Amino acid sequence: MLAAFAACRTVRRADQFRGDVHAAAYAVAGRRRLGALPPAGISRHCDGRTGRRQRRAVRTGGHHPSTRADSPPIGAVVLWPLEVLAVRLAGAYRWELCDALGTQYWRRHVIEAGAPAQHADYQPFVSLHVPAHNEPPEMVIQTLTALRRLNQPNYEVIAIDDNTDDPDTWRPVEQWCASHDVKFVHLENWPGYKSGALTYALDNLTDPRAELIAVVDSDYQIMPDFLADCAPLFADPGLGFIQAPQDYRG
């Protein structure tokens, strides 16, 4: 009887094992249909050096078409030209930096055109306005001295001090202007900054004969031929404004 009971338990265990095997087979088939497992012929293995899971085709007559071990990443192909461009731009920037730091004398390419011959006889009266605010008096006087030496007979010079606080700064300029036939005005609490000072000079100090107005910064030294070259150009009725080239001294 004990033997019969043991045989019966063995049969039940065998049936249970076969049921478990069939259940596992059905589970694997279902996961494969859902895409959770690789298709037949593809196995997964773990690379012991990198720890990454990799897909490898089982040699069953050929590799799987979706597996390419020797194809380069798309990101590397796209970024490589950009990296080359960045290296070239960095080299160009370094070249310009070295050129700027290592150049001692700068050469300017200026074309000496002069006034057109057909307008050389046109000499309008010009009013030169020099605004200044808290500028060193020695520098302003140098600018006014250069304006007094222009090769042009019909012009005047007006110095406008715009709200300078210290009288010791603007009074030396006033004294110099009084002895060199230069108009001078000191504006106290006048609005508008530089444009306000220029508007005051235009409305109250400019000679009525003036056809042209020239604005000169107080730290510039004008070349003697400035008006002789620029003023005749305004004989063209279509010309209304000229900006002269600038340079640095020292």
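The values are calculated or read from the model by the stated rules, or taken from the named source; none is laboratory data. None of these values were measured; they are calculated from a predicted model. All Cβ positions, glycine included, derive from the backbone under ideal geometry; neighbour counts span all protein chains shown.
Note on the range 118-140: residues that are more than 38 Å from the chain's Cα centre (by Cα), outside any loop (DSSP other than H, G, I, E, B) and surrounded by fewer than 19 Cβ atoms within 10 Å (Cβ to Cβ) total 2. Against the list (1) at pLDDT 95 or above; (2) under 25 Å from Ala120 (Cβ atoms), the condition Leu233 fails is (1).
Counting residues in the range 177-197 that are aliphatic (A, V, I, L, M) and in contact with a Lys or Arg (Cβ under 7 Å, 6 or more places away or on another chain) gives zero.
Somewhere in the range 205-218, is a residue among the acidic types (Asp, Glu), in contact (Cβ under 8 Å) with a residue 24 or more places away in the chain and closer than 21 Å to Pro245 by Cα?
Step one: of the range 205-218, the residues among the acidic types (Asp, Glu) are 207, 211, 217.
Narrowing further to those that are in contact (Cβ under 8 Å) with a residue 24 or more places away in the chain: 207, 211, 217.
Subset that is closer than 21 Å to Pro245 by Cα: 217.
Yes, because at least one residue in the range 205-218 is among the acidic types (Asp, Glu), in contact (Cβ under 8 Å) with a residue 24 or more places away in the chain and closer than 21 Å to Pro245 by Cα.
Is it the case that Leu187 is surrounded by 15 or more Cβ atoms within 10 Å (Cβ to Cβ) and without any contact (Cβ under 8 Å) to a residue 40 or more places away in the chain? Considered against the rule, which asks whether it is surrounded by 15 or more Cβ atoms within 10 Å (Cβ to Cβ) and without any contact (Cβ under 8 Å) to a residue 40 or more places away in the chain, Leu187 comes out as yes.
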